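Please treat every number below as a calculation from the coordinates, not as lab data. None of the values given here were measured: they were computed from a predicted structure. Cβ: placed from backbone, ideal geometry, glycine included. Neighbour counts: every protein chain shown.
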Amino acid sequence: MATHTIDEATPTLTDMLGSRKLIILAGSGISVPAPSNLPTWDGVLLEIAQFCREQLFSIFTPDDEFREIVNQADQYVKSDPLRVASVLKQKLVEVDRRADIRVENTIMDWLTRRLTSRPNRNHELIVSTDFPYVLTTNYDDLLEEAARTSGHGDLCFRSFSFTDPRPLAESIFEEKPAIIHLHGKLRDITLKDYVFTSQDYIRIKRRHPGFDTLISSLLVRYGLLFVGYGASDPHLEEVLEDFVYDLDLWEREPRRPRFFLTMKEDKVNLFFDRYKHAFLTDVITLPDYADLTTLLERLCAAAPRSGATRPG
């Protein structure tokens, strides 16, 4: 692994874009700036904990561990976010299975309302840049809305998830750009499907092997730029561990495109501590979250998607 500033990384990324060898994977962090105002992954955990405390504890009596995690979520999310995610998911699904209590509709309706927002400049820049494929772990449709309003209707309508392996395969075969939701879209999933941990993602892969094969084919063929992920984000862990281990990439340097991860400067040490094996991943350090937009602006200027005017 190596670290780079935005200035150092830009030439490599723009060269890969120019040869159509770079795709992008967008996480929750791209939707934090206004007018989207959506939470990061850690923020999602805190909001779900608050939702449980305010709206669900009156419906059922939580056990001691669940009550402690929810009531002290601020502390636990900082020290052990994966435990918080695991406990929240396990307990909510467990409670929903009880014949006398159904919480799925309540929490899924809340999630749908919480993720309803408007695209921001990050979304506009991503869809207006000539990435062959735009991958995301987000459930919302802000990238599709940004594509529609930016004049990229063809990209807007080629939006797929694990429920759409056949049209996705056709898009890849015909080399037509697409937006791909790795975790699915909120309207297509149940509470059990919602990805809180890397194990949830593995279950999706096992249930939809055709979709998994298609995503694997992209990550062998293209370099991958991660944006909007934090060092503690389990969605980052999914992809890094999935492909580094499954493709046997940790023992030698293969002839394949690399991964590039944008990350706040103060989070880099945590990433290196957790992912020492991920030597194929270069880290692009960001002094501030706003610098992500700066990087996306440079990439869009260097390789705009044809068919519409670039965002101003």
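Suppose R0 equals 41 Å. What FRET efficiency, 1/(1 + (r/R0)^6) with r the Cβ-Cβ distance, do Arg83 and Ser117 give to the nearest 0.05? Let's see the in-between values first.
On the way: r = 28 Å, r/R0 = 0.69.
The computed FRET efficiency comes out at 0.90.
Can you give the relative contact order of the range 1-112 as a percent, counting alpha carbon pairs under 8 Å and 6+ residues apart? Provide the component values of the computation, followed by the final result.
Values: 56 pairs, mean separation 18.1, N = 112.
This gives 16 percent for the range 1-112.
When only C-alpha pairs under 8 Å and at least 6 residues apart count, what is the relative contact order of the chain, in percent?
Values: 474 pairs, mean separation 83.7, N = 312.
Reported as a whole number, the value is 27 percent.
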